[in-house]
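Structure record follows, encoded as structure tokens.
The values are calculated or read from the model by the stated rules, or taken from the named source; none is laboratory data. Please read all numbers here as calculations on a predicted model, not as lab measurements. Glycine also receives a Cβ, built like all others from the backbone with ideal geometry; neighbour counts cover every protein chain displayed.
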Amino acid sequence: MSGADSRINNARLRELHNAVHSFLQDSSVYASIRDIIDTYVTENPDGLTSSTSSADVMKIIRERGLVQELLDKLRNEKRIDVSRTLTSAASWKLLPGEYYLHVRLVGGKAFVDNLDIAPSVGRDCRMYVALHFGPHRYRSISQEISVDPPFADEFLIHLDHKAFGATATDLIEISTPLHVAVVRENRFLTNATLVGENIVDWRKVLKTGYLGLTVELCGENPGIPAGIIDLQLELLPNKAPRFTEEDIAGRIDLQRSGVTSADREFLLYARRWWKEFQEIRPSHRQRRVKIFASTSNGRMVPTTHFVSVIRPERGIETPFHAARFVSLFAVTSEEHLTQEVLCGSGGSTGGARWTSMLAFLSQRRGDVCNHATLLCSLLLGFGLDAYCATGSDRKGKTVMFVLTRKRVGFGVFEVTLWDPASGNRYLLTDPHPFETVGCLFTHQSFYANVQQSDFIVTASFDIDNEESWKPMNPLKLRMIPKSPNPTLLWIPCDCKRIEDELQRSLMCEITSYRDTRGIVTNFDDRLSYVLSQALHAYENHRRYGTPEDLSIFEACVKGTIGEGKTF
């Protein structure tokens, strides 16, 4: 009986082998692989004997989407084609004449740092993928932390080719990169950690309309990937124009050369400008003037690149709400607020790295420079005349804050100082923690203080007066290519559920603490209800800066606890 089973199994195996062989022939897979190998041998005449040649060929096969196309056909090509048509036409609602980049997440792997997280901590943590393309920002569905998180989500990104021209052939001109990051957060949304990130040039998809990518994420340890994300890129609709590999590579190289040339030209201009600034007065060498900052990929750009006009769709109704919102972001480390991070050395390209807006928003923490640029961006969105300012505080430490102006006369302005880390606001004439101001900048302008003294209380803020403020040429600032900062991402949440969870956790901690000391714990629900007024009053105080009248609250407490008791 076993011999018959063996003969049947062998016959079945031969049948399956022939079926697979026929399917691969009919699907032109053999021909595609031959073309890839022929091209590889032509371009690498000595590479066929290399130990890495097989890996190189397999990488090319994956990038061209050959494996994924084969899997799609195995799942019934007709059904998949109908599904894609329905997805494009119905679910995505593609606009006629527009083109889109369809991004699929198909899993993650090799996030080995998650092995070091204790199970008790890991239960409260989740991981998600954050994407940034131009002004758009996306967030995937959260997954439990693991070495191989099963990320599975998809996004539709509009490709605005009409900004470069009126034809679809201008798709290749869109140099906006796809910024990919993986973030680990706890379930109470109090903090998060950027696990790794990378920049992807999506334009390779213009060759076939479909591209499979394996993206290695750069983390805290240089040279060691923090993890790997598998992406599938698809150009929609399918009638989008195609470009050769040589055209795509040539355009990318040309644009990179243009960026390098613009960076070099601005650096030369900034050094001349910095030299002129120092020659005005010897004390200018010690003034807090920050021209350059380093991005996450090591590129030195003007600090103006970190500011943009942000108008959230919902959630932030007033400038006061904006200040309160930004102050809720944690400050990474007060010790980092040194001259190296915030002041730099003018025309030099030295200085510490500034966290990208995507990483700052995703982690919900960063340096004060991140807080200041975000607050300034939000205030600009409300139409205020807002500037990021670098200076010093009463203790002599380098600080960064936001300054807004309101004209009250010719060359006279009412100035308000905003502390981005605390959300506090001060009129220039009121007591405040700031001592000096060295420079002001927005998304399109930069000014250095050239007045006799840089003390903020005696400074004139008529920035159009070049006897008081030395401007940078706005045309020089605009010549450097800049990708838009991401906007705020509205995430629906059940606030009542989160409040209840926080309250239960707090009650458990209090009860546990008192139990270890032999103290009986009871909670009064009536008094808890009354005390909620205080939380509301404290929050309004932080938002608007005006303390509320608590006399009614005091009467409520006395009426609840009764006479002869102390609260």
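Within the stretch 147-170, is even one residue closer than 18 Å to V200 by Cα and among the basic types (K, R)?
Checking the stretch 147-170: not a single residue is closer than 18 Å to V200 by Cα and among the basic types (K, R).
Within the stretch 373-399, can you find the residues that are within 21 Å of H136 (Cα to Cα) and of a type outside the set (V, I, T)?
Passing the criteria: L374, L375, C376, S377, L378, L379, L380, G381, F382.
Can you pull out the residues in the stretch 378-414 that are among the aliphatic types (A, V, I, L, M) and crowded, with 18+ Cβ neighbours inside 10 Å?
Once the filter is applied, which keeps residues that are among the aliphatic types (A, V, I, L, M) and crowded, with 18+ Cβ neighbours inside 10 Å, the stretch 378-414 yields L378, L379, L380, L384, A386, A389, V399, M400, V402, L403.
Could you list, in sequence order, the residues of the stretch 140-169 that are surrounded by fewer than 16 Cβ atoms within 10 Å (Cβ to Cβ), out of contact with any Gly (no Cβ under 8 Å at 6 or more places or on another chain), closer than 22 Å to L101 by Cα and not aliphatic (A, V, I, L, M)?
H158, K162, F164, G165, T167, T169
Please go through the stretch 231-271 and give me each residue that is of a type in the set (K, R), in a helix (DSSP H, G or I) and touching a residue at least 24 places away in the same chain (Cβ under 8 Å), ordered by number.
Hits for the stretch 231-271 are R251, R271.
Which of the residues belonging to the stretch 96-124 are in a loop (DSSP other than H, G, I, E, B) and more than 30 Å from I172 (Cβ to Cβ)?
Listed by number, the residues that qualify are A110, F111, I117, A118, R123, D124.
Any residue that is over 38 Å from the mean Cα position of the chain (by Cα) and surrounded by 10 or more Cβ atoms within 10 Å (Cβ to Cβ) - is there at least one of those in the stretch 541-550?
Within the stretch 541-550, one or more residues are over 38 Å from the mean Cα position of the chain (by Cα) and surrounded by 10 or more Cβ atoms within 10 Å (Cβ to Cβ).
Condition (residue is of a type in the set (S, T, N, Q), within 18 Å of S294 (Cα to Cα), modelled with pLDDT of 95 or more and in the same structural domain as H305 (by TED's automatic domain parsing)) applied to the stretch 401-421: is it met by at least one residue?
The answer is no, given that none of the residues of the stretch 401-421 is of a type in the set (S, T, N, Q), within 18 Å of S294 (Cα to Cα), modelled with pLDDT of 95 or more and in the same structural domain as H305 (by TED's automatic domain parsing).
Among the residues of the stretch 275-306, which ones are in a helix (DSSP H, G or I) and crowded, with 19+ Cβ neighbours inside 10 Å?
Matches in the stretch 275-306: F277, H284, T303, T304, H305, F306.
Hand me the list of helices (runs of 4 or more DSSP H) wholly inside the stretch 466-567 holding 1 or more residues that are within 26 Å of F360 (Cβ to Cβ).
Per the criteria, 474-478, 495-515, 525-544.
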